[in-house]
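So the structure is just underneath, and the comments pick up after that.
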Amino acid sequence: MRSRGRDAPPTGWADALAAFSGQALAVADAELHKLFRDPTELFTRSVQPILWLLVFGQVFSRTRAIPTGGLDYLDFMAPGVLAQSILFTSIFFGIAIIWERDLGILQKTLVSPAYRGALVLGKGLSAGARALAQSSLVVVVALALGVRLRAEPLRWAGVLVAVLVGAAAFSTFSLVVACLVKTRERFMGIGQVLTMPLFFASNAIYPIELMPAWLRVVARLNPLTYLVDGLRALMIQGAGSAFGLGVDLAVQVGVLVALVALAARLYPTVAV
């Protein structure tokens, strides 16, 4: 991570960690205030995943064409649709950086003494909070459709962590893309190109075992696969984790840390 610019460096690692955390939370709070001013965005972005559950999920539950290891297909699919909503919302989060640059907000932020990593992580945390609010709507619809959700509070605490970390990781990836392309038109095009391959090259709507060998390799390199695997084990009665919940979480956290470090280095280049 970069130093805090013109300010004197913190006196120790504890001070540095406290400063970093405080700055990240301040950025997240500022971003969430934008959401509170226009909460309709949550409902409009929830339409697509809800339609996947209502139409695609119920139709394929009747066909029984996809083996899901003893789970009803709608039960199998619900965590994948939840992960899809996280991905589709987060992957376009980076366009806000381009808007901020065009409005002159980004340049003012960059001359502040804040850690660049804290600026990036704060935006990622705000995306995670948005994802939590949106995910609650998907869970309510899944419950209404009869998806066999678990009732243990500790497992739902795990779901909250998985959603928060997963959304932060994908939104930070979006920031990296925005830092590289620097224009809205290119960003939207690349975002559209990335979302569907990430979704379909995962275990969101069918098991990895049904994939050809080359696609299985891609799926195991896809962080969305581990998010879906963790959500399925935590949410659905009778479901287990193919990789282990510890591995699922470790992959998500590792991806987030790596992307925050990369985005922190690239962040100042957006203003150039």
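Here, each number is a calculation from the coordinates, and none is a lab measurement. Quantities reported herein were computed from a predicted structural model and do not represent experimental measurements. Virtual Cβ from ideal backbone geometry, glycine too; neighbours counted across all protein chains shown.
Taking the Cα centre of each part, how many Å lie between the stretch 133-153 and the stretch 158-190?
Comparing the Cα centres of the stretch 133-153 and the stretch 158-190, I get a distance of 25 Å.
In whole Hz, with x marking every Gly and Pro, tabulate ³J(HN,Hα) for the stretch 211-221 from phi via Karplus 6.51 cos²θ - 1.76 cosθ + 1.60, θ = phi - 60°.
Values per residue, Gly and Pro as x: 7, x, 4, 5, 6, 4, 4, 4, 4, 6, 8 Hz.
Between 0 and 90 degrees, rounded to the nearest ten: what's the tilt of helix 73-90 against the longest Cα principal axis of the chain?
With both axes taken from Cα atoms, the answer is about 20 degrees.
Once phi is turned into θ = phi - 60°, what whole-Hz ³J(HN,Hα) does the Karplus curve with 6.51, -1.76 and 1.60 give for every residue of the stretch 129-135, x standing for Gly and Pro?
5, 4, 5, 4, 5, 5, 5
Could you list 241, 174 in order of exposure, starting from the residue whose Cβ has the fewest other Cβ atoms within 10 Å? Spell out each step's value before the answer.
Details: 241 16, 174 28.
If I rank by nearby Cβ atoms, fewest first, I get 241, 174.
What residues qualify as long-range amide H neighbours of residue 72, i.e. H under 5 Å apart, gap of 5 or more or another chain, H built at 1.01 Å from N?
Amide H to amide H, under 5 Å and 5 or more residues apart or across chains, residue 72 pairs with nothing.
What is the helix-to-structure angle for 13-37, meaning the angle in degrees between its Cα long axis and the longest Cα principal axis of the chain, kept from 0 to 90 and rounded to the nearest 10?
With both axes taken from Cα atoms, the answer is about 70 degrees.
Calculate one ³J(HN,Hα) per residue across the stretch 55-61 by plugging θ = phi - 60° into the Karplus curve 6.51 cos²θ - 1.76 cosθ + 1.60, and present them in order as whole Hz with x for glycine and proline.
Per-residue couplings from phi come out as 9, 4, x, 5, 5, 6, 5 Hz.
What is the chain by shape, rounded, prolate or oblate, if you read a ≥ b ≥ c off the alpha carbon gyration tensor as root eigenvalues and call it rounded for a/c under 1.5, prolate for a/b larger than b/c, and oblate otherwise? Each step should come with its number before you reach the end.
Details: a/c = 1.94, a/b = 1.81, b/c = 1.07.
In terms of gyration-tensor shape, prolate.
Going by C-beta contacts inside 10 Å, put 52, 13, 99 in order with the fewest on the left.
Ascending number of Cβ neighbours within 10 Å: 13, 99, 52.
Say the dipole of the stretch 29-178 comes from +1 at the beta carbon of Lys and Arg and -1 at that of Asp and Glu; which of 166, 136, 110 then lies farthest toward its positive end?
Final value for the positive-end residue is 166.
What is the helix-to-structure angle for 153-181, meaning the angle in degrees between its Cα long axis and the longest Cα principal axis of the chain, kept from 0 to 90 and rounded to the nearest 10?
So the helix axis and the longest Cα principal axis differ by about 60 degrees.
Can you list residues from other chains, or at least 5 along the same chain, whose modelled amide H is less than 5 Å from the amide H of residue 236?
150
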